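The values are calculated or read from the model by the stated rules, or taken from the named source; none is laboratory data. Everything numeric in this text was worked out from a predicted model, so none of it was measured. Cβ placement follows ideal geometry from the backbone for every residue including glycine, while neighbour counts extend to all protein chains displayed. Just so you know, the surface numbers come from the protein's heavy atoms only, side chains and all, with ligands and any DNA or RNA stripped out. Shrake-Rupley method; radii C 1.70, N 1.55, O 1.52, S 1.80 Å.
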Amino acid sequence: MAVDTPAKIAVIGAGPIGLEAGLYARFLGYDVELYDRGEVAANVRQWGHVRMFSPFHMNRSTLGIAAIAAQNPGYRPPPDEAVLTGDEWYTNYLQPLSQTDLLADHLNLRTAVKSVARIGCLKAELPGDEQRRETDFRLVLEHQDGSESEATAEVVIDAGGVYHHPNYMGQGGAAALGELALRNAIEYGVPDILGRDRAHYAGLHTLVVGGGHSAATTIVQLEELQRQEPSTRFTWIIRRAATAPQTIGPLVEIPDDRLAGRAELVRRANALAANPAAGSVCWTNTEVAALARQEDQFNVMLAGDQAGTVVVDRIVANVGGRPDLSVFEELQVQTCYATEGPIKLAASLLQNASVDCLVQTTPGPQALLNPEPDYYVIGAKSYGRMSNFLTSIGIQQIRQLFTIIGDREDLDLYATAINLMPTQP
């Protein structure tokens, strides 16, 4: 059933996918409000010093470029093949996009969506019934000063992401003993070790937990800092060791990787794991069992192959993120028991899992449907705990989503916007 303009659409999240979804809806004439607990693309800015793996054309839409150019005729986007840092992405695309006339007055920043429910219809009522869409959604909002308000919408697009909701680093993915109390003292993002955070790590011993690309980025930075400040040390622990036969270290190396930056990072991190500098180690098949704070240091109890206690000055837990399911716990949104992503999409992703995120495709509009009519989860949050989401996939999700909302299979604003894009430098 089509949702006709000017119906009201609420977009949760003002990150890259939230902005793109809001823009698409505004172009079509919907009444749109975007809500974000922080600032525009705040999560991107937290890792702004990190260079992305994918080129710019995978991290922008033709509609976004056209919207910025219409606002600023002198705008020239980065070259499509440019590989930007997070800060460059924000400065050259995301921030200008948020300030276009179509979005600027529809941003509700420092406003967290705490809960979404149906007005006059409880979670258990009318299960899977289209009648549920006869009443609007009610959004409970919390503002930065602690005050609350509410809003309504006919459609909700949840692009809330996972970055602000990190996983735990303990055994089995649960919190290590002591982790909950010390959560604010642990770094779960990717610190700028060679830049703004240098003084926080130089000359100290850092425990890095995690076996993905974020942990590899942290380790490579620490190794460079160690070259400059030899008293700097790290202990890198990984739950499991890589099993791929072509891999020489803990990270899986993709043969003939099309993303040069990713290939180089994995190569360097694996080399460091195999031959760390004096005073540093890489331990696989090892987990954090417990930790405690003692003055300015952490006593960390390890389990697994390297069971014992280590004393460190800093902890960086690059263990990924998970979706905040509490937002829609009063709605009929079915999630996967393994990934916590929406069940239809999760089933497709698990069937077609690959270590190379570039080989994935979107499974089609039907995978975005939930038992709850007109509530859609897109972006990184739609992948749940899976870490292979790409911005380009999110943009495809948006196109497919609005074929559902508008009930028009051939609707594709991205195709029509190509001719409106400015010439690149």
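All of (1) outside any loop (DSSP other than H, G, I, E, B); (2) farther than 30 Å from residue 112 by Cβ; (3) hydroxyl-bearing (Ser, Thr, Tyr) hold for residue 326 with one exception: (2).
Residue 418 - would you say it is β-branched (Val, Ile, Thr), open to solvent by less than 50 Å² (accessible area, probe 1.4 Å) and touching a residue at least 12 places away in the same chain (Cβ under 8 Å)? No. Pairs meeting the criteria (first residue in region 328-353 and at positive phi, second residue open to solvent by 20 Å² or more (accessible area, probe 1.4 Å) and of a type in the set (Lys, Arg), beta carbons under 9 Å, at least 6 apart or on different chains) are 340/322; 340/385. Just so you know, in region 271-281 the residues that are in contact (Cβ under 8 Å) with a residue 24 or more places away in the chain and farther than 14 Å from residue 205 by Cβ include one that is farthest from the chain's Cα centre (by Cα), and it is 274. Evaluated against (1) buried (at least 20 other Cβ atoms within 10 Å of the Cβ); (2) aliphatic (A, V, I, L, M); (3) assigned to a loop (DSSP other than H, G, I, E, B), residue 175 falls short on exactly one condition, (1).
Against the numbered list (1) on the phi < 0 side of the Ramachandran plot; (2) touching a residue at least 40 places away in the same chain (Cβ under 8 Å), residue 6 comes up short only at (2). Candidates in region 193-244 are the residues that are polar (S, T, N, Q) and surrounded by fewer than 19 Cβ atoms within 10 Å (Cβ to Cβ); of these, the one that is modelled with the lowest pLDDT is 243. Filtered by the rule that a residue be assigned to a helix (DSSP H, G or I) and in contact (Cβ under 8 Å) with a residue 40 or more places away in the chain, region 111-143 gives 130, 132, 133.
Pairing residues of region 390-402 that are closer than 14 Å to residue 27 by Cα and of a type outside the set (A, V, I, L, M, F, W, C) with residues that are part of a helix (DSSP H, G or I) and open to solvent by 10 Å² or more (accessible area, probe 1.4 Å), at Cβ distances under 8 Å and at least 6 apart in sequence or on separate chains, gives 399/413; 399/414.
Okay, residues lined up against (1) hydrophobic (A, V, I, L, M, F, W, C); (2) under 24 Å from residue 223 (Cβ atoms); (3) open to solvent by less than 30 Å² (accessible area, probe 1.4 Å):
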site	(1), (2), (3)
287	no, yes, no
293	no, no, no
325	yes, no, no
333	yes, no, yes
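Within the bounds of region 336-352, is there any residue that is in a loop (DSSP other than H, G, I, E, B), open to solvent by 30 Å² or more (accessible area, probe 1.4 Å), of a type in the set (D, E, K, R) and in contact with a Ser or Thr (Cβ under 7 Å, 6 or more places away or on another chain)?
no
At least 1 residues that are surrounded by fewer than 24 Cβ atoms within 10 Å (Cβ to Cβ) and of a type in the set (Gly, Ala, Ser) in each: list the helices (runs of 4 or more DSSP H) lying fully within region 1-91 that qualify. Give the derivation first.
Working: elements: 16-27, 42-46, 62-71, 86-89.
Fully inside region 1-91 and qualifying: 42-46, 62-71, 86-89.
For region 377-396, filtering for residues that are open to solvent by less than 30 Å² (accessible area, probe 1.4 Å), out of contact with any helix residue (DSSP H, G or I) (no Cβ under 7 Å at 6 or more places or on another chain) and outside any helix (DSSP H, G or I) leaves 1.
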